[in-house]
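Notes follow once the structure below has been shown.
The values are calculated or read from the model by the stated rules, or taken from the named source; none is laboratory data. If you're wondering where the values come from, they're calculated on a predicted model, not measured in any experiment. Cβ placement follows ideal geometry from the backbone for every residue including glycine, while neighbour counts extend to all protein chains displayed. Accessible surface is based on the protein model in full, side chains and every heavy atom, while ligands, DNA and RNA are left aside. Shrake-Rupley method; radii C 1.70, N 1.55, O 1.52, S 1.80 Å.
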Amino acid sequence: PDSDYDVRLIYVHLLPWYLQISPQRDVIELPISGELDINGWELRKALGLLKKGNATLIEWLDSPVVYSADATFLHAMHTAAQTTHQPERSFHHYVHMARNNYREYLRGETVRLKKYLYVLRPLLATLWIEQRRGLVPMAFQELVDGLITDARLREAIDQVLILKRTALESEYGKPLPVLNLFIDAELTRLESVLPPLPGKPDFSVLDELLMDTVLAVR
């Protein structure tokens, strides 16, 4: 109920901005104001991060809520993300996030219940990649529906989701044994799992997208 709105955006400058020798600022970071948390990446920066396999940008592109977008550009970005997908990098990103969040947030006698989602989402994302299902969906429920078949585990996850929707950000409670056992077991197992083998994406699509977009801006 007291969560803010995370607004993420990609923007492009007019052509002269790209023809300067000195690097220019390539992010928008606004102070959190009221319920709004707004920041964005300039297009060249965003495409450079996509080339590095940045999982955060892929999540932005799959957001179920879009406030404003150029449909042609958004389609081109989705195509570029699919073409240059590097599952091994996303695998390392998500499993590292899950381990760190678990160690930081869920090891005490009482825990912030919302933090279970900070562990479960990257953990399920890792499992999604391990099973070679393609780009990780942004929607947490889609991950749950696609990966969780155990009834007790599903019930515990549903309980956390209900708490998140009705409790305050700082709500504390006792750890949930079913979830902790699942997280412990999967993190331990993943330590011996090899990520998907690296592919050889065609990154030329990123250069083409940058050029086409900048030249189209008037």
Using Cα atoms only, what is the angle between the long axis of helix 177-190 and the major principal axis of the chain, expressed in degrees (0 to 90) to the nearest 10? 50 degrees
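How about region 1-67: which trypsin sites (Lys or Arg not before Pro) there are in a DSSP loop, with at most 13 other Cβ atoms within 10 Å of their Cβ? Please report the intermediate quantities before stating the final value.
Numbers: sites: Arg8, Arg25, Arg44, Lys45, Lys51, Lys52; in loops: Arg25, Lys52.
When the trypsin sites (Lys or Arg not before Pro) of region 1-67 are filtered for loop state and at most 13 Cβ neighbours within 10 Å, Arg25, Lys52 remain.
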Report the relative contact order of region 112-218, percent, no decimals, based on alpha-carbon pairs under 8 angstrom and at least 6 residues apart. 35 percent
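Based on the inverse mean of 1/r over its pairs of different Cα atoms, what is the Kirkwood hydrodynamic radius of region 132-218, in Å?
Numbers: mean 1/r = 0.0576 Å⁻¹.
17.4 Å is the Kirkwood radius here.
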Pop the C-beta distance of Asn100 and His75 into the FRET formula with R0 = 35 Å and round what comes out to the nearest 0.05. 0.55
How much of the accessible area of region 17-149, probe 1.4 Å, is carbon plus sulfur, in whole percent? 52 percent
Output the relative contact order of region 1-149, whole-number percent, from Cα pairs under 8 angstrom with separation of 6+ residues. 19 percent
What residue among Val144, Pro87, Thr56 has its Cα farthest toward the positive end of the dipole of region 23-172, where the charges are +1 on Lys, Arg and -1 on Asp, Glu, each on the Cβ? Pro87
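Within 10 Å of each candidate Cβ there may be at most 14 other Cβ atoms; applying that plus a DSSP loop requirement, which GluC sites (Glu not before Pro) in region 49-130 survive?
Values: sites: Glu59, Glu88, Glu104, Glu109, Glu130; in loops: Glu109.
Counting only loop positions with at most 14 other Cβ atoms within 10 Å, the GluC sites (Glu not before Pro) in region 49-130 are Glu109.
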Hey, can you grab everything whose amide H is under 5 Å from the amide H of Tyr11? Only 5+ residues off in sequence or another chain; H modelled, so Pro and N-termini drop out. Trp41, Glu42, Leu43
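Could you do me a favour and compute the accessible area per residue for region 87-147, 1.4 Å probe, result in Å²? Provide the component values of the computation, followed by the final result.
Details: 2740 Å² over 61 residues.
Result: 45 Å² per residue.
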Any chance you could check the Cα centroid distance between region 137-158 and region 71-90 for me, in angstrom? 25 Å
Give the cross-link partners of Lys164 among the lysines, using a straight C-alpha distance below 24 Å as the criterion and excluding same-chain residues fewer than 8 apart. Lys114, Lys115, Lys174
Any idea how far apart Asp207 and Leu49 come out in nm if each label point goes 7 Å out from Cα toward Cβ? 2.3 nm
Using the alpha-carbon centroid of each, what span in Å lies between region 170-213 and region 1-56? 22 Å
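May I ask you to list the GluC sites (Glu not before Pro) in region 131-206 that are in a DSSP loop and have at most 15 other Cβ atoms within 10 Å of their Cβ? Don't skip to the end; give the middle numbers.
Working: sites: Glu142, Glu155, Glu169, Glu171, Glu186, Glu191; in loops: Glu169, Glu171, Glu191.
Sites meeting the loop and neighbour criteria: Glu169, Glu171, Glu191.
May I ask what percent, to the nearest 5, of DSSP beta bridges between residues of region 1-123 are antiparallel?
Numbers: 4 of 11 bridges.
Bridges in region 1-123 are about 35 percent antiparallel.
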For Asp26, list long-range residues whose amide hydrogen, built 1.01 Å from N in the peptide plane, is under 5 Å from its own amide hydrogen. none
Just to check I understand the Karplus step: with θ = phi - 60° and J = 6.51 cos²θ - 1.76 cosθ + 1.60, what whole-Hz values come out for region 61-68, glycine and proline as x? 5, 9, 4, x, 10, 10, 6, 7
Per-residue ³J(HN,Hα) for region 154-163, Karplus 6.51 cos²θ - 1.76 cosθ + 1.60, θ = phi - 60°, Hz, x for Gly and Pro: 4, 5, 5, 5, 4, 5, 5, 4, 5, 4
Over the Cα atoms of region 162-207, what Rg and Dmax result, in angstrom? 19.4, 51
The chain - share of DSSP beta bridges that are antiparallel (%, nearest 5): 45 percent
Using the Kirkwood radius over Cα pairs of the chain, the Stokes-Einstein translational diffusion coefficient at 10 °C and 1.306 mPa s, in µm²/s and rounded to a whole number, is 82 µm²/s
In whole Hz, the Karplus estimates of ³J(HN,Hα) for region 37-54 (6.51, -1.76, 1.60; θ = phi - 60°; x where Gly or Pro) are 10, 10, 7, x, 10, 5, 4, 4, 4, 4, 5, x, 5, 4, 4, 8, x, 5
For the chain, size of Cβ-based charge dipole, Lys and Arg +1, Asp and Glu -1, in debye: 440 debye
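Any idea what the relative contact order of region 61-176 is, in percent, if you count C-alpha pairs under 8 Å spaced at least 6 apart? Don't skip to the end; give the middle numbers.
Working: 96 pairs, mean separation 37.1, N = 116.
RCO, region 61-176: 32 percent.
Starting from the coordinates of the alpha-carbon atoms of region 32-158, obtain the Kirkwood hydrodynamic radius over all distinct pairs and give the value in Å to one decimal.
Working: mean 1/r = 0.0616 Å⁻¹.
For region 32-158, inverting the mean 1/r across all distinct Cα pairs yields 16.2 Å.
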